[in-house]
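Heads up: the structure comes next, in structure tokens.
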Amino acid sequence: MKKGTIISLPVPQATEIMADAGFDWILIDMEHSSLALSDVHTLLAAAGDRLMKIVRVPGNDDVWIKRVLDLGCDGILVPMVNSGEAARSAIAASLYPPAGRRSVGVTRAHRYGPGFREYVGSANDRLILMLQVEHIDA
């Protein structure tokens, strides 16, 4: 069984401890914490490649989705996806064209350029995208 935990404090040492303790994944929670984008960047760097890194974005918003993915996480959890339209929007925001509408920038996800071709070429297939259905209307 895979084990993991939620990180909601801006303490990179805790993330390093989780990776060294044999955890398989972490969920960095931006929705229900005070974590800033810079905190998420630091936490992802502290985790390195030692565990799977999922970030719960603050909401189903193209800008948040692309900014978090550009930091180089393995996937995202999108909260409050309560309709088919909202699900389609989250998926489109997460994928590069032609499958979606994610835009391209020079980012940590591809080491600020050297891994650009490889990253963009495989990002759609490797992305872990989870949609959080939280309402009876969904």
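What lysines does Lys66 reach when the alpha-carbon gap must be under 22 Å and sequence neighbours fewer than 8 apart in one chain are set aside?
Within the straight-line cut-off, Lys66 pairs with Lys53.
Can you give the relative contact order of the chain as a percent, counting alpha carbon pairs under 8 Å and 6+ residues apart? Walk me through the numbers on the way to the answer.
On the way: 240 pairs, mean separation 28.3, N = 138.
Relative contact order, the chain: 21 percent.
Pop out the ³J(HN,Hα) list for segment 91-108 in order, Karplus 6.51 cos²θ - 1.76 cosθ + 1.60 with θ = phi - 60°, rounded to Hz; leave Gly and Pro as x.
Karplus-based 3J(HN,Hα) across segment 91-108 equals 5, 4, 5, 8, 10, 6, x, x, 6, x, 10, 4, 8, 10, x, 8, 9, 4 Hz.
Which peptide among 111-120, 89-98 comes first, and what is the full order, when sorted by highest mean count of other Cβ atoms within 10 Å?
Details: 111-120: 12.3, 89-98: 18.0.
Peptide ranking by packing, descending: 89-98, 111-120.
Which cross-chain or sequence-distant (5 or more) residues have an amide H under 5 Å from the amide H of Ile128, H modelled 1.01 Å from N in plane?
The answer is Gly75, Ile76.
Give the accessible surface of the chain per residue, rounded to a whole number of Å², with probe radius 1.4 Å and ligands, DNA and RNA excluded.
Accessible surface, normalised per residue, equals 54 Å².
Using a 7 Å offset from the Cα along the Cα-to-Cβ direction at both Asp125 and Arg88, what is the distance between the two label points in nm, to one decimal?
2.7
Run the 1.4 Å probe and let me know the accessible area of Asp74, rounded to the nearest 10 Å².
Asp74 exposes around 50 Å² with every protein chain in place.
In a Debye calculation with equal point scatterers on the alpha-carbon sites of segment 37-117 and no solvent, what is log10 I(q)/I(0) at q = 0.14, 0.19, 0.26 Å⁻¹?
Here the Debye-derived log intensity ratios amount to -0.47, -0.84, -1.33.
Averaged over every viewing direction, what's the projected area of the C-alpha convex hull for segment 74-132? Give it in nm², one decimal, please.
Hull-based average projected area comes out at 4.0 nm².
Semi-axes of the equivalent ellipsoid for the chain, please: Cα gyration tensor eigenvalues, times 5, square-rooted, ordered largest first, whole Å. All intermediate terms of the calculation are to be shown ahead of the outcome.
On the way: eigenvalues 103, 78, 34 Å².
The three semi-axes for the chain are 23, 20, 13 Å.
Using a 1.4 angstrom probe on heavy atoms only, work out the carbon and sulfur share of the accessible area of the chain in %. Could you put the intermediate results ahead of the total?
Values: 4160 of 7500 Å².
Result for the chain: 56 percent of the exposed heavy-atom area is carbon or sulfur.
The values are calculated or read from the model by the stated rules, or taken from the named source; none is laboratory data. Note that the structure is predicted; figures quoted are calculated from it, not measured. FYI the Cβ positions are ideal-geometry reconstructions off the backbone, even for glycines, and counts take in every protein chain you see. We work out accessible area using only protein heavy atoms, side chains counted, and drop any ligands, DNA or RNA first. Shrake-Rupley method; radii C 1.70, N 1.55, O 1.52, S 1.80 Å.
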